[in-house]
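Below: the structure, in structure tokens.
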Amino acid sequence: MLDYNYKAYAYGMTERIVEMAINESGIRDTTRVLKINKNTVIKFFLRN
């Protein structure tokens, strides 16, 4: 298994971000639970 320096690039992280968004979690909630930067979550939604 790969060991990532940044948790945001870990396998399955994008699915977890989308899942939390579907369940109406805010950006701050998502960053707190997944322990990633809020800018990473914002960039994810702007990219997709």
Contour minus Cα-Cα span, VAL18 to ASN37, at 0.36 nm per residue, comes to 5.3 nm
For LYS7, counting only aspartates and glutamates whose alpha-carbon sits under 20 Å away and dropping same-chain residues fewer than eight positions off, the answer is GLU15, GLU19, ASP29
With 0.36 nm assigned to each residue of separation and the Cα-Cα distance removed, TYR6 to ASN48 gains 13.1 nm
In the list (i) 10.9; (ii) 14.9; (iii) 13.2, the entry giving Kirkwood radius over Cα pairs in Å computed from the coordinates is (i)
In deg cm²/dmol, rounded to the nearest 500, the helical mean residue ellipticity at 222 nm of the chain, built from -39500 (n - 2.57) for every DSSP H run of length 4 or more, is -16500 deg cm²/dmol
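Each value in this text was obtained by applying a stated rule to the coordinates, not by laboratory testing. Remember, predicted model here, so these are calculated numbers, not experimental data.
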